[in-house]
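The values are calculated or read from the model by the stated rules, or taken from the named source; none is laboratory data. The shown structure was predicted, so the numbers you read here are calculated from the model rather than taken from an experiment. Here the Cβ is made from the backbone with ideal geometry for all residues, glycine too, and neighbour counts use every protein chain on show.
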Amino acid sequence: MKIGVILGTARHGRKSEHMAQLVFEQLKKREGVEAQYFDVKDYLTCITNPPEEPNPKSEEWKKHVLETDGFIVVAPEYNHSYPGELKILLDEAFKEYEKRCAVVVSVSKGGFGGVRLVELMHQLISTLKMVPVPSPVNVSKINDVFDEDGKLLEEAYLPKIEKMLDQLLWYAKILKQGREQG
């Protein structure tokens, strides 16, 4: 099974990168899982391209989506929403997402842990015909969770990540079986 971790912000000094790397490392430990890491900055086109309009970055992203069984989106909450570059990336494909699943890891400097991001991402995930996995991880006060070098300071997040991965892999397995059966 192939699972992609998407780092959903290209902002300089992004703290979300530490959480994305942690989730990716935990995912790689899972037996039978091929973990892939996607950084939104590697796909920046700075414009919204319709999925049906040929474009090299879009075609590359669509290929990755078709090869992937599920996604973990790690992103900060910006102005009660998701980063624009994440939306642009996700809009590069459409039909390719169908019958795949996604879960959200939200990151926030404040105390709410990006809960509004999760709500909006669930809507977006559903619109893209993916199944939103109901086990998000909300990371509050990100500056207290990791040190400057990306070392985890709050071990309490590890069981939350494991629970999220269990749920995501269950959904991904069921949906993959369904896609294969037609």
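Applying the selection to the stretch 86-117, what residues are buried (at least 22 other Cβ atoms within 10 Å of the Cβ), on the phi < 0 side of the Ramachandran plot and of a type outside the set (S, T, Y)?
Hits for the stretch 86-117 are L86, L89, L90, E92, R100, C101, A102, V103, V104, V105, V107, L117.
Being of a type in the set (G, A, S) and closer than 25 Å to K57 by Cβ, is that true of even one residue in the stretch 146-165? Please lay out each step first, then the result.
The first filter runs over the stretch 146-165 and keeps only residues of a type in the set (G, A, S), leaving 150, 156.
Restricting the remaining residues to those that are closer than 25 Å to K57 by Cβ gives none.
No, the conditions are met nowhere in the stretch 146-165.
Could you say which residue among E148, E155, E119, E92 is in a loop (DSSP other than H, G, I, E, B), free of Cβ contacts under 8 Å to residues at least 12 places away in the same chain and over 16 Å from S16 (Cα atoms)?
Numbers: E148 fails: over 16 Å from S16 (Cα atoms); E119 fails: in a loop (DSSP other than H, G, I, E, B); E92 fails: free of Cβ contacts under 8 Å to residues at least 12 places away in the same chain.
That would be E155, the only listed residue that is in a loop (DSSP other than H, G, I, E, B), free of Cβ contacts under 8 Å to residues at least 12 places away in the same chain and over 16 Å from S16 (Cα atoms).
Within the stretch 118-140, work out how many residues are at pLDDT below 95 and at positive phi.
Count: 0.
Checking T9 against (1) outside any loop (DSSP other than H, G, I, E, B); (2) at pLDDT 95 or above, which test does it fail?
For T9, the failing item is (1).
Quick check on this structure: which one of E53, E25 is under 26 Å from D149 (Cα atoms) and either free of Cβ contacts under 8 Å to residues at least 12 places away in the same chain or touching a Gly at 6+ places or on another chain (Cβ under 6 Å) (or both)?
Values: E53 fails: under 26 Å from D149 (Cα atoms).
Exactly one of E53, E25 is under 26 Å from D149 (Cα atoms) and either free of Cβ contacts under 8 Å to residues at least 12 places away in the same chain or touching a Gly at 6+ places or on another chain (Cβ under 6 Å) (or both), namely E25.
Could you identify the single residue in V73, V115 that is hydrophobic (A, V, I, L, M, F, W, C) and within 30 Å of E180 (Cβ to Cβ)?
Details: V115 fails: within 30 Å of E180 (Cβ to Cβ).
When all the criteria are applied, what remains is V73.
When only residues in the stretch 45-79 that are touching a Lys or Arg at 6+ places or on another chain (Cβ under 8 Å) and closer than 25 Å to V33 by Cβ count, which is surrounded by the most Cβ atoms within 10 Å (Cβ to Cβ)?
Looking at residues that are touching a Lys or Arg at 6+ places or on another chain (Cβ under 8 Å) and closer than 25 Å to V33 by Cβ, I get F71.
Does L124 fit the bill of being touching a strand residue (DSSP E or B) at 6+ places or on another chain (Cβ under 6 Å), surrounded by 17 or more Cβ atoms within 10 Å (Cβ to Cβ) and outside any strand (DSSP E or B)? Working first, answer last.
Working: touching a strand residue (DSSP E or B) at 6+ places or on another chain (Cβ under 6 Å): no; surrounded by 17 or more Cβ atoms within 10 Å (Cβ to Cβ): yes; outside any strand (DSSP E or B): yes.
Here the answer is no, as L124 does not meet what is asked.
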